[in-house]
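Structure in structure tokens, see below.
The values are calculated or read from the model by the stated rules, or taken from the named source; none is laboratory data. No experiment lies behind these values; they were computed from the predicted model shown. Reconstructed Cβ throughout: ideal geometry from the backbone, glycine too, with neighbour counts over all protein chains shown. To get the accessible areas, we keep the full protein, side chains included, count just its heavy atoms, and leave off ligands, DNA and RNA. Shrake-Rupley method; radii C 1.70, N 1.55, O 1.52, S 1.80 Å.
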Amino acid sequence: MTAIDQDPEGMRALDMLATMVALVHPDGACVHVNAAFETQMQLSRRVLARGHAQDWLEDTTRLREAMEGVSRNAYSSSRFETQLRRGLRPHEETLPVQVIVSQTDQPDLLLLELIENAQQSRQDREERTLDQVQATKELIRNLAHEIKNPLGGIRGAAQLLALELQPTALGPELAEYTDVIIHEADRLQSLVDRLLAPHRRAQVVGDVNIHEVCERVRSLILVEYPKGLKVRRDYDTSLPDFRGDREQLIQAVLNIVQNAALALAPRIAAGDAEIVLRTRVARQVTIGKQRWRLALELHIEDNGPGVPPEIRDRIFYPLVSGREGGSGLGLTLSQTIAQQHQGMIDCDSEPGRTDFRITLPLP
């Protein structure tokens, strides 16, 4: 009886992992691969199970040394980096991966885990972003509440001062100064209200179709930019509805699309600006250290100049903006809304292509 026959539940559990996993004999002969391995290799597990681990990796010497050392218990695991050959054709595209060879509870089986270098970097970046956003959110809430009370006092005192000055000879001359104080206090109050808005407003939860959200945003942005901007759809119509606050999600997507449109101003003037709304399903996704079987990904891509490198790591921080006169709150609020839906937003940007990806779990 094979290991798979003895532990079918354990084998099915491997399919829940997002990383590529294979069970092999010490000589490299494959016994079993999980679903992620199948997907990445673009081959069925039946075909893969007839092969050897040496067929998949370019650095076969390191692989043999690692499998030999782990199988004779010289060490419990071994880690190295190499290239994964996808498919069986000789010139197939390769993928940089980190390989971890580990022992199992069966002496004749080794566990190979292959992690994309890009995937590992993205997961590390996402964890840092979530931690930073959470800390920033708490700071904003505390700071905004601390500002509100003295701000109300300043505005009230300025109003009383204006009333006291009206009957005097200096009233008309000094009214300009009290008006400035009141106006600036109102502006700061508006800023504080925007910072607190996502935390104040209760979610109105219902069934949400992500494509209805996209279509609403698309219609709004095309009204604002009727010429020079093309908003292209690339939808996976098989995506199911999910529970969420439709209006909040429209606002989150609209903030990102409006930022993209503003960044595209020169291309809009030239008539070749493009924003792409792309939806896809993702499987076995980790969001905020929680694993989800299914998630939707909404990509908002534009062909603009890209996010300035000096703020690329801080774009979700409040009051950080890449353009003059920007409030730096749009992306912060969008990230907060995504987190309230147990999701997150991340960004990949380079000159000519910026991709904001909103990931939300599906039921």
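Calculate the all-directions average of the projected area of the stretch 218-279's alpha-carbon convex hull, and give it in nm².
The directionally averaged projection comes out at 4.4 nm².
For a quick check of understanding: with a 1.4 angstrom probe and all protein chains in place, what accessible area in square angstrom does VAL70 have, to the nearest ten?
That residue has around 0 Å² of solvent-accessible surface.
Which order, highest average first, do 108-116, 149-157 follow once you tally other Cβ atoms within 10 Å for each residue and take the mean per peptide?
108-116, 149-157
With all protein chains present and a 1.4 Å probe, how do ASP272, ASP105 order by accessible area, largest first?
Per-residue accessible area, sorted high to low, gives ASP105, ASP272.
Using the beta-carbon distance between GLU247 and HIS299 and R0 = 22 Å, what value does 1/(1 + (r/R0)^6) give for FRET efficiency, to the nearest 0.05?
Taking R0 as 22 Å, the efficiency between GLU247 and HIS299 is 0.50.
Enumerate the calculated ³J(HN,Hα) couplings along the stretch 177-188 in order (Karplus 6.51 cos²θ - 1.76 cosθ + 1.60, θ = phi - 60°), each rounded to whole Hz, writing x wherever the residue is Gly or Pro.
The phi angles translate into 6, 5, 5, 5, 4, 5, 4, 5, 5, 5, 5, 5 Hz.
Would any residue of the stretch 238-254 have its amide N under 11 Å from a label point 7 Å out along Cα→Cβ of VAL205? List them or say none.
Of the residues in the stretch 238-254, 243-245 have backbone N under 11 Å from the label point off VAL205.
On to the next question. Distance between Cα centroids, the stretch 21-46 to the stretch 224-303: provide it in whole Å.
Taking the Cα centre of the stretch 224-303 as reference, the centre of the stretch 21-46 is 34 Å away.
Measure off, as a whole percent, the carbon and sulfur share of the 1.4 Å-probe accessible area of the stretch 213-338, all protein chains present.
Of the solvent-accessible surface of the stretch 213-338, carbon and sulfur hold 49 percent.
Follow-up. Provide Rg over Rh for the stretch 205-308; use the alpha carbon set for both Rg and the Kirkwood Rh (inverse mean inverse pair distance).
Reported Rg/Rh (Cα atoms, Kirkwood Rh): 1.01.
Leaving out ligands and nucleic acids, and using a 1.4 Å probe, what accessible area per residue does the stretch 226-361 come to in Å²?
Averaged over the residues of the stretch 226-361, the accessible area is 45 Å².
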